[in-house]
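Written below as structure tokens is the structure these notes are about.
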Amino acid sequence: MTALLPTRKDEAWRYADMAGVARAWPVAPEVIDVAAGEALARLIETDTTPGGASIRHFAIHIAAGGSLTFHILNAGGGYGRVALDVTLDAGAHFELGGVIIAAGEQVLEIVTTVTHAGPGATSNQIIRCVAGGTATATYLGKVAVTRAGQKTDAAQSFKALLLDRGATANAKPELEIFADDVKCAHGATVGELDATALFYLESRGIPPVAARTLLTRAFLSDALASIADDATREAAEARVTAALEPRL
Amino acid sequence: MLKIDNLHAGIDGKTILNGLSLTVNAGEVHAIMGPNGAGKSTLSYVLAGRAGYAVTGGSVTFDGQDLLALAPHERAAAGVFLGLQYPVEIPGVSNLMFLRTALNAQRTLRGEKEASGAEFMKLAKAAAEDLGLPYEMLKRSVNQGFSGGEKKRNEMVQMAVLEPKLALLDETDSGLDIDALRVVSEGINRMRSPDRATLLITHYQRLLDYVVPDYVHVLVAGRIVRTGGPELAQELERDGYQSMAA
Ligand SMILES: Nc1ncnc2c1ncn2[C@@H]1O[C@H](COP(=O)(O)OP(=O)(O)O)[C@@H](O)[C@H]1O
Ligand SMILES: [Mg+2]
């Protein structure tokens, strides 16, 4: 644990709310160790205290053949950051589904570094963001493949919906590859709610806020689809709906 | 039921409807025919309340109330249904969820009791069967992966479940093969009743062989230039729109 406060000169903190960082500092990393061949699933939700500042930092190691399915609901308070440092051994798998719902002046971030340290490891990251007001939603995703990481298969997908002119979405994929036989794919799009789809829903009798909620929830659900347990997924979707409604 | 009086409307500063007047009484079926670009879809969007269309003159009353003062979802609850020329795909929202949300939103706004899950399912199943759309398809995302014909059948399934007073059907016949045209026409005819009305917007006379209208209107350059009975559709088919120029 470092006591030294980061600055915005540091790439990983360039979009952060530094006043929020100062309030949340220092941060003790939470350790997750997935044993060889073990399969774990985690779902975390950031602190939603209005105006609060929280940083969660996870140091994750997935041993050979293990897998971790990790889901993040990041909807608040003032500054909310979830950072994951993941190291994958041979044949390990890391699955991330991240949802950011930002409104007002919120600054919400998901920052990942996934290191493929052994051969044949796979990772898949799906991040979906909604930002309104003058909020900032950020995803920084770094994939590192060491010399040992042959046959790596790493994918990242980021999509953001901006609900207002003043809202911002930042996505920055970064690749650092030292093996020659790897597959790394990433895609990022930023858009708005489809006006034609909204009209279609409204023309059938669905009021505007409900129509926006329905479309936004569908958009975000991509990131939750990998929650295997039905009850957990439905509970997560309900949390997303509850977080969305006051913001639309 | 519907009274359009000297309607002027447009989009992006361009006038498209140019003094359109039309009265539709309960129990009637009216067909509006016209060449591409005449303003047929614009009329349907203005009546349904799509954002972006500006009404610059005239009035529209529906069941005695000012239709243009209502938001789109309020118009739907009042009984207006628009079958789109190009139905929209909505990934991640199932047809059943969409339709049930719509039905119950309308009922709530009208102060009626919501449909239970069982009641809704019965309605949706019956409608899907009548229109030859496998019920299983309704579990998929709205219109996603549907063929052109399936999308139009789906519009009619929605109409059958929502039971509007006034159906505005914008080129519901285009893109349909002859079998689909027959099924969709039967769907429209089933909805005919003394307290409902239908406005069929079409480019071709073909649909009117199956759904025989009480009146046919010819729309050219944003105005109705002629009104007649079903025989007018045949005349148009023979002579084209050229002879109708205002
Ligand atoms: N968004 C728009 N901006 C400007 N002009 C438009 C727009 N949409 C339609 N138009 C024009 O309005 C006219 C009428 O279009 P439309 O109502 O779609 O006709 P129809 O359905 O009869 O073929 C056409 O000339 C078309 O090009
Ligand atoms: Mg048209």
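Being small (Gly, Ala, Ser), open to solvent by less than 30 Å² (accessible area, probe 1.4 Å) and within 30 Å of B:LYS3 (Cβ to Cβ) is a property that does not hold for B:ALA160. Among the residues of segment A:96-131, those identified as part of a loop (DSSP other than H, G, I, E, B) and surrounded by fewer than 22 Cβ atoms within 10 Å (Cβ to Cβ) are A:GLY104, A:GLU105, A:ALA117, A:PRO119, A:GLY120.
Of the strands (runs of 3 or more DSSP E) that lie entirely inside segment B:1-98, those containing 1 or more residues that are open to solvent by 10 Å² or more (accessible area, probe 1.4 Å), more than 13 Å from ligand 1 (Cβ to nearest atom) and basic (Lys, Arg) span B:2-11.
Scanning segment B:197-229 for residues that are open to solvent by less than 50 Å² (accessible area, probe 1.4 Å) and in contact (Cβ under 8 Å) with a residue 24 or more places away in the chain yields a total of 19. Scanning segment B:43-92 for residues that are away from every other protein chain (no Cβ under 14 Å) and within 16 Å of ligand 2 (Cβ to nearest atom) turns up just one, B:LEU43. Every test in (1) modelled with pLDDT of 95 or more; (2) open to solvent by 30 Å² or more (accessible area, probe 1.4 Å); (3) among the basic types (Lys, Arg) is passed by A:LYS172 save one, and that test is (1). Condition check for A:GLY20 on (1) open to solvent by 70 Å² or more (accessible area, probe 1.4 Å); (2) touching a residue at least 60 places away in the same chain (Cβ under 8 Å); (3) more than 21 Å from A:ALA228 (Cβ to Cβ): one failure, at (1). Looking only at residues of segment A:199-212 that are within 7 Å of chain B (Cβ to nearest Cβ) and small (Gly, Ala, Ser), we find that the one that is surrounded by the fewest Cβ atoms within 10 Å (Cβ to Cβ) is A:ALA210.
If the condition is being closer than 17 Å to A:ILE101 by Cα and surrounded by fewer than 16 Cβ atoms within 10 Å (Cβ to Cβ), then segment A:175-198 contributes A:THR189, A:GLY191, A:GLU192. In the set (1) under 19 Å from A:VAL82 (Cβ atoms); (2) open to solvent by 50 Å² or more (accessible area, probe 1.4 Å), A:ARG217 fails one condition alone, (1).
Residues that are more than 23 Å from A:SER123 (Cα to Cα) and more than 8 Å from chain B (Cβ to nearest Cβ) within segment A:218-236 comprise A:ALA231, A:GLU234, A:ALA235, listed in sequence order.
Scanning segment A:73-95 for residues that are open to solvent by 30 Å² or more (accessible area, probe 1.4 Å), among the polar types (S, T, N, Q) and out of contact with any strand residue (DSSP E or B) (no Cβ under 9 Å at 6 or more places or on another chain) turns up nothing.
The values are calculated or read from the model by the stated rules, or taken from the named source; none is laboratory data. The structure presented is a predicted model; accordingly, all values stated were derived computationally and were not measured. Backbone-built Cβ (ideal geometry, glycine too); neighbour counts: all protein chains shown. Areas reflect the complete protein model, heavy atoms only, side chains present, ligands, DNA and RNA absent. Shrake-Rupley method; radii C 1.70, N 1.55, O 1.52, S 1.80 Å.
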